[in-house]
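For reference, the structure is listed below as structure tokens.
A short reminder: the numbers here are calculations on the coordinates, not readings from a lab. Remember, predicted model here, so these are calculated numbers, not experimental data. Heads up, the Cβs are rebuilt from the backbone with ideal geometry, glycines too, and the neighbour counts pull from every protein chain shown.
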Amino acid sequence: MTLPLRPPSPDEYTGESGQSMNTLSSDNQRALDALRSAVTKALDRKRRLGQYAVIWRDGHVVRINPGDDAQPPNPVQRKNGG
């Protein structure tokens, strides 16, 4: 069995309730907002400390260096060719 190399996009995922990710309950929206806030704070802290961060963007692993703009231009290439 082959596992996907990326998480499903919101359009591809349907939860147990049958709702797509585009329709979130208020509890799920609050949880998503809390996660986004935590990530924003963590990335800001890394920037202030001069540390790099590794994120997933547009299907690629991306390294953000502290001096980079918010939108890094080049994704990090994996050693296995991916």
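What the table below lists for this structure:
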| read-out | value |
| --- | --- |
| Cβ crowding within 10 Å averaged over residues, with 60-67, 26-33 ranked highest first | 60-67, 26-33 |
| Charge tally in the Cβ shell below 14 Å around residue 35, where Lys, Arg are +1 and Asp, Glu are -1, residue 35 excluded | +1 |
| FRET efficiency, residue 31 to residue 51 (Cβ-Cβ, R0 35 Å, nearest 0.05) | 0.85 |
